[in-house]
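K.L.:
Dropping the structure in here first, questions after.
The values are calculated or read from the model by the stated rules, or taken from the named source; none is laboratory data. Because the structure is predicted, anything quoted here is derived from the model rather than measured. Don't worry about glycine lacking a Cβ; one is built from the backbone with ideal geometry, like all the others, and counts go over all protein chains shown.
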Amino acid sequence: MKNFKIGDKVVLVYSEADTDESRGIGEVLFESKGFFAVKWPSNETTNEYPEDLKYDGPLSNLEEEFKALVESVGKEIDKKVQESAEALNEACRLAEQHGIPFYSSVSQISQNYVPNSFPDKFGHIDPDFVQAVTEVYNTADASGWEHSAVC
């Protein structure tokens with residue numbers, strides 16, 4: 001839940017990309033039962049859910065530091081992600097070409113990749129054997145990247 005303080009300047013938002021500027025910038029008056037009372041420039045006061053509000057004040061020192069780090073290190077992170085995406089795409093291409101599923105420990109959620117060509121090339125192999133050899137499970141009904149049930 002977003003934590004606003006009394007006096008914080010806020011605007012209404014419908015999503016991260018859709019801000020409602022029509023009411024202008026409101027001021028948080030108090031919090032009550034999961035809502036924030038907001039006074040708008042029209043002097044109207046409304047109760048708003050915290051997820052419908054976005055802070056519109058100056059950045060804190062910590063926010064400034066974080067933003068600067070994102071701007072300076074973000075490009076390097078993006079480059080590494082792009083390199084790994086290219087390597088994973090090449091692994092997928094090889095898996096498709098040869099029909100070999102693989103397990104990827106690159107992701108924190110540990111995903112399996114089962115090539116679409118697997119059923120035609122090796123679908124008759126016992127799935128337990130495939131798992132023993134590749135650490136990939138559920139090859140009988142799978143294709144492409146398999147995500148954890150918790151995702």
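K.L.:
The conditions are (1) farther than 27 Å from residue 145 by Cβ; (2) at pLDDT 90 or above; (3) in the same structural domain as residue 115 (by TED's automatic domain parsing), and residue 76 fails exactly one of them. Which is it?
P.N.:
Evaluating residue 76 over (1) farther than 27 Å from residue 145 by Cβ; (2) at pLDDT 90 or above; (3) in the same structural domain as residue 115 (by TED's automatic domain parsing) leaves (1) as the failure.
K.L.:
To continue, here is another question. Under 6 Å between Cβ atoms, at least 6 apart or on separate chains: pull out the pairs that start in region 108-133 with a residue that is small (Gly, Ala, Ser) and end on any residue that is at pLDDT 75 or above.
P.N.:
These pairs meet every condition: 117/96; 117/99.
K.L.:
Another question about this same structure. Look at region 124-139 and say how many of its residues are part of a helix (DSSP H, G or I) and surrounded by 14 or more Cβ atoms within 10 Å (Cβ to Cβ).
P.N.:
Here is the first cut: in region 124-139, the ones part of a helix (DSSP H, G or I) are 127-134.
Checking the rest, the ones that are also surrounded by 14 or more Cβ atoms within 10 Å (Cβ to Cβ) come to 127, 130-131, 134.
Adding up the residues that qualify gives 4.
K.L.:
Any chance you could count how many residues in region 1-22 are outside any strand (DSSP E or B) and at pLDDT 80 or above?
P.N.:
Keep residues of region 1-22 that are outside any strand (DSSP E or B), which gives 1-8, 16-17, 21-22.
The next check asks that each one be at pLDDT 80 or above; those that pass are 4-8.
Residues that pass the stated criteria total 5.
K.L.:
Being part of a strand (DSSP E or B) and either touching a Ser or Thr at 6+ places or on another chain (Cβ under 7 Å) or buried (at least 16 other Cβ atoms within 10 Å of the Cβ) (or both) is the filter here; which residues of region 32-50 pass it? Break it down into steps so the answer makes sense when it comes.
P.N.:
The initial filter retains those residues of region 32-50 that are part of a strand (DSSP E or B), namely 32, 35-39, 45-48.
The answer is 36, 37, 38, 39, 48.
K.L.:
To continue, here is another question. Is it true that some residue in region 51-72 is among the small types (Gly, Ala, Ser), modelled with pLDDT of 90 or more and either closer than 28 Å to residue 133 by Cα or out of contact with any Ser or Thr (no Cβ under 6 Å at 6 or more places or on another chain) (or both)?
P.N.:
Applying the first criterion (among the small types (Gly, Ala, Ser)) to region 51-72 yields 57, 60, 68, 72.
In the following step, the residues that additionally are modelled with pLDDT of 90 or more were identified as none.
No, that holds for no residue.
K.L.:
How many residues, within region 92-123, are assigned to a helix (DSSP H, G or I) and either modelled with pLDDT under 90 or not small (Gly, Ala, Ser) (or both)? Show your work before the answer.
P.N.:
Within region 92-123, the first condition is being assigned to a helix (DSSP H, G or I), and the residues that meet it are 92-98, 118-122.
Right, trim to either modelled with pLDDT under 90 or not small (Gly, Ala, Ser) (or both) and you get 92-94, 96-98, 118-122.
Summing the residues that are assigned to a helix (DSSP H, G or I) and either modelled with pLDDT under 90 or not small (Gly, Ala, Ser) (or both) in region 92-123 gives 11.
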